[in-house]
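Only one structure is covered here, and it is reproduced in the block below.
The values are calculated or read from the model by the stated rules, or taken from the named source; none is laboratory data. Quick caveat, the model's predicted, so the values are computed rather than measured. Cβ atoms come from the backbone with ideal geometry, glycine included; neighbour counts cover every protein chain shown. For accessibility, only protein heavy atoms count, side chains too; no ligands or nucleic acids. Shrake-Rupley method; radii C 1.70, N 1.55, O 1.52, S 1.80 Å.
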Amino acid sequence: MRKDKTHYYLEIAGTVSSRSTCLRRQYGAIIVKNDEIVATGYNGAPRGRRNCDDMGHCLRDALEIPHGQQYELCRSVHAEANAIISASREEALGSTLYIVGRDAKTGKLLDAEPCKMCERFIINAGIENIVYTQADGSVVTRKLHDLIYDDDTISRYV
């Protein structure tokens, strides 16, 4: 049976995640437009800086910082951001971003929903759809419109 395109591209994003240098979580992202992969990205330190796997430790692990908090203490650039950086604006406009995440130690799937900062990058890049895996193996598709108009990031603090 032939694999549908959503799972095909998610599988490729999963392969990209194997390049991650993070000791906690490995994410891979690909940007697809008109059925062509235009950019890939995985989480890792900026070019030229040492990666956590090279250093043999993770500061966030050492400080017991929970997932989703204090990203400024992480050496890595997120997979989505790295993919967006690698794509031209023309390539990103109207494209689809596929994201897969796995626990670096167990290999188990993680919820790969973009963080709020990466959502802002996605909006500004003009990416039309985001497709990502959940820890239970399900797949979520979100539209750019939803990221823009369903944003309650600020309003919940007012």
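Got a sec to turn the phi values of the stretch 121-134 into Karplus ³J(HN,Hα) couplings, 6.51 cos²θ - 1.76 cosθ + 1.60 with θ = phi - 60°, whole Hz, x for Gly and Pro?
So the J values, rounded to whole Hz, are 5, 4, 4, 5, 6, x, 5, 7, 9, 10, 10, 9, 8, 10.
With θ set to phi - 60°, apply the Karplus curve 6.51 cos²θ - 1.76 cosθ + 1.60 along the stretch 17-22 and write out the HN-Hα couplings as whole Hz, x wherever there is a Gly or Pro.
4, 5, 8, 4, 10, 7
Let a ≥ b ≥ c be the square roots of the eigenvalues of the Cα gyration tensor of the stretch 1-68; is it rounded (a/c under 1.5), or, if not, prolate (a/b larger than b/c) or oblate?
On the way: a/c = 3.07, a/b = 2.14, b/c = 1.44.
It is prolate, given that a/c is not under 1.5 and a/b is the larger ratio.
Under the rule of at least 5 residues apart or a separate chain, name every residue whose amide H is placed under 5 Å from the amide H of L110.
For L110, whose amide H was placed from the backbone, the distant partners under 5 Å are G101, R102, D103.
Among the DSSP beta bridges whose two residues both lie in the stretch 3-158, what percent are antiparallel, rounded to the nearest 5? Each step should come with its number before you reach the end.
Values: 21 of 25 bridges.
Counting DSSP beta bridges with both partners in the stretch 3-158, the antiparallel share is about 85 percent.
Send over a whole-number figure in Å² for the accessible area per residue of the chain, probe 1.4 Å.
Working: 9480 Å² over 158 residues.
It amounts to 60 Å² per residue over the chain.
Per 10 Å bin, what percent of the C-alpha pairs of the stretch 12-149 does each bin hold, from zero upward?
13, 45, 34, 9, 0
I'd like the carbon and sulfur percentage of the solvent accessible area for the chain, probe radius 1.4 Å, heavy atoms only, ligands and nucleic acids excluded. Mind dumping the intermediate values first?
On the way: 4640 of 9480 Å².
The C+S portion of the solvent-accessible surface of the chain is 49 percent.
Cα centroids of the stretch 86-127 and the stretch 7-28: how far apart, whole angstrom?
Cα centres, the stretch 86-127 to the stretch 7-28: 11 Å.
Tell me, which longest segment in the chain has none of the trypsin sites (Lys or Arg not before Pro) that fall in DSSP loops with at most 13 further Cβ atoms within 10 Å? Show your work: numbers first, answer last.
Working: sites that count: R2, K3, R47, R49, R50, K105, K108.
Result, exposed sites excluded: 51-104.
Straight-line reach from K108: which lysines have a Cα under 24 Å away, not including same-chain ones fewer than 8 places off?
K3, K5, K116
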